[in-house]
Amino acid sequence: MAARKRSPLEIKTTEVSQCTISERLSILGKVPFFQDLHAADLAWVNSLFHQQDYRIDETIYLSAEPAEQFFVVADGRVKLLRHSMTGRDILLDLLTSGEYFGAHSMQGKDVYPDTAQAQTDCCILGISRAKFQQVLGCYPSVSLKMIEIMARRLLAANERVHQLSAMPIESRIASLLLMLAEKFGEQGEHGLLLQVPLSREDLAGMAGATTETASRVMSQFQRDGLIKSGREWVAVTNLDSLQEIAGSELE
């Protein structure tokens, strides 16, 4: 019997005890609405965050729970899931260092619309709703930038709904692979390797397709030389052809 090929993924994560103050400041400085804060102000904001580590597949919060915290990924990968009526968890998004999730609104009555789960071992920075309100009160520029970013996210969500309803499945999966390549791609022997565990079920959920359909399209892409893939890994080998199928170019 042939031995199973070893996954080429090399996702290195940091133990929570090793996430230093300077690393935390660097990570928070990547968050768009904190980018313009002076060093002393960012240090104060950092002091309001607490950090916690999560092991692979551990739940950070569940959908419909009161949205009491705002989170930033310090290290590792986080997946956002939605429980479907058929009982399956549909992958909505994958997050990496510097990305944020959780309680976006500060109204005090919201619930989490999705479930957040550690896809790898993670170090997460969290801040309570009350403390985040304190930050917004001290820095109106942060509030304005947050409103602007939320508006952009809403437009992006509307565009995704349009894609899922209007684009053929090949274009949707090509577009999804391009987005993931831009976010997680690292050049290596297999091509532009997506440094994130990715199953056919994950791709299907993000593309709004059945697992069987997503598998068929991925198999065709592999036969055409656009990608290489194995158990929960994908590498892009022909960006130009994927862009042509997707009908757009990476910006």
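The values are calculated or read from the model by the stated rules, or taken from the named source; none is laboratory data. Just so we're clear, the structure is a prediction, and the values are computed from it rather than from any experiment. All Cβ positions, even for glycine, are placed from backbone atoms using ideal geometry, and neighbour counts span all protein chains on display. With ligands, DNA and RNA removed, areas are computed over all heavy atoms of the protein, side chains included. Shrake-Rupley method; radii C 1.70, N 1.55, O 1.52, S 1.80 Å.
Find all pairs meeting these conditions: Cβ atoms under 9 angstrom apart; at least six residues apart or on different chains; first residue within region 40-64 and without any contact (Cβ under 8 Å) to a residue 24 or more places away in the chain; second residue β-branched (Val, Ile, Thr) and open to solvent by 80 Å² or more (accessible area, probe 1.4 Å).
Ala43/Ile21
For region 46-64, state whether one or more residues are more than 30 Å from Ala204 (Cβ to Cβ), part of a helix (DSSP H, G or I) and not aliphatic (A, V, I, L, M).
yes
So, in region 95-117, how many residues would count as being within 16 Å of the chain's Cα centre (by Cα) and modelled with pLDDT under 85?
Total satisfying the criteria: 2.
How many residues are among the polar types (S, T, N, Q) and at pLDDT below 90 if we restrict to region 64-94?
Keep residues of region 64-94 that are among the polar types (S, T, N, Q), which gives 69, 84, 86.
Of the ones still in play, those that are also at pLDDT below 90 are 84, 86.
Qualifying residue count, region 64-94: 2.
With respect to Gln187, is the statement that it is open to solvent by 50 Å² or more (accessible area, probe 1.4 Å), more than 22 Å from Thr211 (Cβ to Cβ) and at pLDDT 85 or above true? Even if it seems obvious, please write down each step before you answer.
Values: open to solvent by 50 Å² or more (accessible area, probe 1.4 Å): yes; more than 22 Å from Thr211 (Cβ to Cβ): yes; at pLDDT 85 or above: yes.
The answer is yes for Gln187.
Looking only at residues that are in a strand (DSSP E or B) and without any contact (Cβ under 8 Å) to a residue 40 or more places away in the chain in region 182-205, which one is nearest to the chain's Cα centre (by Cα)?
Of region 182-205, the ones in a strand (DSSP E or B) are 185-188, 191-194.
From the residues that got through so far, the ones that are without any contact (Cβ under 8 Å) to a residue 40 or more places away in the chain too are 186-187.
Values: Glu186: 16, Gln187: 20 Å.
The extreme case among them is Glu186.
For a quick check of your reading of the model, give me the residue pairs whose first member lies in region 206-233 and is at positive phi and modelled with pLDDT of 90 or more, whose second is open to solvent by 10 Å² or more (accessible area, probe 1.4 Å) and polar (S, T, N, Q), with beta-carbon atoms closer than 7 Å and at least 6 apart or on different chains.
Gly225/Thr237; Gly225/Asn238
Give the residue that is nearest to the chain's Cα centre (by Cα), with candidates limited to residues of region 68-77 that are in contact (Cβ under 8 Å) with a residue 60 or more places away in the chain and within 22 Å of Ser97 (Cβ to Cβ).
So the first thing to find is which residues in region 68-77 are in contact (Cβ under 8 Å) with a residue 60 or more places away in the chain, and the list is 68-70, 74-77.
Narrowing the set further to residues that are within 22 Å of Ser97 (Cβ to Cβ) leaves 69-70, 74-77.
Numbers: Gln69: 18, Phe70: 15, Ala74: 12, Asp75: 12, Gly76: 10, Arg77: 7 Å.
So the residue we want is Arg77.
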